[in-house]
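Let me give you the structure first, and then I'll get to my questions.
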Amino acid sequence: MTAEKGVAPTTPSRVGGPTDRMLIAGAAIATALGEAGVVRGHDGGDGRYATIVGSERLPGVVVAALKSGRYSVDLYLTAELVPLGPLAGRLREAVRRNVRAIGLEELLGPVDITFLAIEERTTR
Amino acid sequence: MEASQETPRTSGSTPGSSQRTRTGNGAPLESERGTTSIDDTVVTKVAGIAAREVRGVYDLGGGTARALGGVTQAVGLGDERTQGVSVEVGEREAAIDLTAVIEYGESIPQVSEQIRDNIVKRVEGITGLSVTEVNVTVNDLHFPGDDRPPAEEPRVS
């Protein structure tokens with residue numbers, strides 16, 4: 001079986017270290033939290049939207065392997081009272097940029113963004 | 001007996017369907033790079049906040065909702081900003097029902113119209129959804145003296 005053209009084969013990253021999935025999850029949620037208009041990751045209320053990286057829990061991000069060998073990223077967020085469509089667009093680009101910076105862009109599939117809650121906040 | 005069929009008030013929606021909607025607002029709805037979804041609770045909260053911004057609105061919700069809301073908020077549950085607001089959200093449109101208490105002396109038609117305008121402006125601006133209708137029910141009036149606790153008469157002189 002050959003890997004999809006232009007897509008790196010999925011291999012365990014480093015023995016004992018974080019997997020590619022964990023690295024992408026960490027980069028994605030860190031990007032989201034750094035974006036103006038995002039308040040925090042939302043774990044869905046019952047913890048279902050979270051990724052465990054070692055002893056750390058990252059609420060608001062779920063990364064799943066796709067058949068193509070890439071990973072889809074789902075971000076679940078609480079946002080400020082700002083236009084959400086443009087915020088999602090900026091965020092998607094920023095995630096792609098930051099995943100590229102850690103050398104895993106080839107593995108990045110769709111970045112789906114769900115706004116689960118909003119909060120009134122004027123300053124970060 | 002045939003079950004009654006409720007007609008959706010927004011295109012692309014069915015009663016009891018998904019509680020999330022995909023939105024545009026300048027960003028593509030769906031592309032190979034991903035999709036954007038907005039939960040119904042976000043639309044509800046934006047509408048509630050927008051209604052409370054209008055001068056002359058004292059509170060939202062019916063008597064029972066306000067009484068229960070007071071209890072649930074006191075124990076850290078519930079959110080007064082969603083009280084009295086219900087939404088029906090489709091793929092690109094939203095319909096909103098709202099129950100409000102208006103300050104005595106304000107013009108109910110004017111306040112209702114301002115509520116409608118502000119909700120449309122806020123919901124469309126923030127979520128990118130088109131608001132098809134805003135139905136306002138005024139279920140009570142608030143008088144300035146309503147907030148004061150009744151003076152307690154001493155039972156003995």
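Each value in this text was obtained by applying a stated rule to the coordinates, not by laboratory testing. Please read all numbers here as calculations on a predicted model, not as lab measurements. Every residue, glycine among them, receives a Cβ derived from its backbone with ideal geometry; neighbour counts consider all protein chains shown.
Treat each spin label as a single point 7 Å out from the Cα along the C-beta direction, and report the B:Arg155 to B:Arg33 distance in nm.
For the pair B:Arg155/B:Arg33, the computed spacing is 7.2 nm.
Taking the simple approach of a point 7 Å from Cα along Cα-to-Cβ for both A:Glu105 and A:Arg57, what is their distance in nm?
3.5 nm
Okay, moving on. What shape does the stretch A:20-119 have by the C-alpha gyration tensor, where a ≥ b ≥ c are the square roots of the eigenvalues, rounded means a/c under 1.5, and otherwise prolate means a/b greater than b/c and oblate the rest?
oblate
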